[in-house]
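Structure first, then comments.
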Amino acid sequence: MTRNHVARRGGAVLAALLLTTACLPDGDSGGDDEETSESLPKGGQQLTEEEISSVLPGEDEVPQEMGRVDEDDGSARDPETSFYPKTCRDVEFDGEAGTALDEHQTAKAAQGYTGAYGGAVKVTVASYDEVVPGELFDAAGAAQETCTEFSKTNTYGTTKWKLTPATIKPMGERTYIANLEVLSGDESVKGRTSQIAGVTIGHNLVLIAYSAGPKSNLSTQVVEELAQTTVDNLEAL
């Protein structure tokens with residue numbers, strides 16, 4: 001999430017995130033590698049930072065119980081983060097496919113949002129000099145089978161995570177959803193739920209990272225709503 005290079009892509013602002021339960025193909029595996037940027041609709045072409053900033057959900061496009069965070073620090077993911085099993089990195093788009101894609105990133109913009117009663121969401125859009133490869137989503141989906149539970153160690157300590165089912169309607173070319181609950185760790189994160197969603201459109205990746213404590217009234221439904229809004233804005237370019 002994240003969710004940054006794109007694995008920086010949105011996960012880090014929410015501190016502890018992510019797991020996976022659904023990876024839904026829609027169409028082909030991320031686009032035809034022979035397809036040129038010019039042959040794609042504008043929203044699928046390689047975009048500038050100004051252009052991708054313009055598609056982030058505005059104040060009038062978020063649920064009423066949410067507000068935009070004025071300052072987004074864009075902090076990078078912790079390079080010392082480790083996973084057990086190691087393959088579970090893929091559930092955060094942080095495995096080999098995600099690392100390879102990072103090298104092609106040309107622009108990124110992000111916006112944070114908070115709920116009136118706790119919880120936070122970060123929307124990140126990144127653009128690349130190549131079509132986002134289907135391997136990124138294939139690897140994340142394959143990791144589901146071995147990552148029903150896993151451990152993650154970073155600067156916040158070691159936490160244990162549990163995967164639970166999640167669904168999201170298909171949009172864009174490839175759609176991915178991950179849902180997670182913290183089973184054990186520091187008292188400040190126990191019981192926290194996290195969700196990450198990813199959508200590809202040509203050269204662009206939309207990533208939504210959600211995190212909320214057990215007493216938060218912020219629903220995970222906002223993940224799908226913000227993903228759809230961002231995709232609609234890209235497609236309207």
Gly31 fails exactly one of (1) modelled with pLDDT of 90 or more; (2) among the small types (Gly, Ala, Ser); (3) touching a helix residue (DSSP H, G or I) at 6+ places or on another chain (Cβ under 9 Å), namely (1)
Screening Pro41, Pro57 for residues that are modelled with pLDDT of 80 or more and closer than 15 Å to Ile208 by Cα leaves only Pro57
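Residue-wise test of (1) of a type in the set (Ser, Thr, Tyr); (2) under 17 Å from Leu234 (Cα atoms); (3) surrounded by 22 or more Cβ atoms within 10 Å (Cβ to Cβ).
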site	(1), (2), (3)
Val69	no, no, no
Glu92	no, no, yes
Glu103	no, no, no
Gly115	no, no, no
Gly119	no, no, yes
Val125	no, yes, yes
Gly134	no, no, no
Gly141	no, no, no
Thr148	yes, no, no
Checked region 67-91 for anything at pLDDT below 85 and within 15 Å of the chain's Cα centre (by Cα); matches are Gly74, Ser75, Ala76, Arg77
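The values are calculated or read from the model by the stated rules, or taken from the named source; none is laboratory data. Values in this document were obtained by computation on a predicted structure and should not be read as measured data. Glycine gets a Cβ as well: all are built from the backbone with ideal geometry, and neighbour counts include every protein chain shown.
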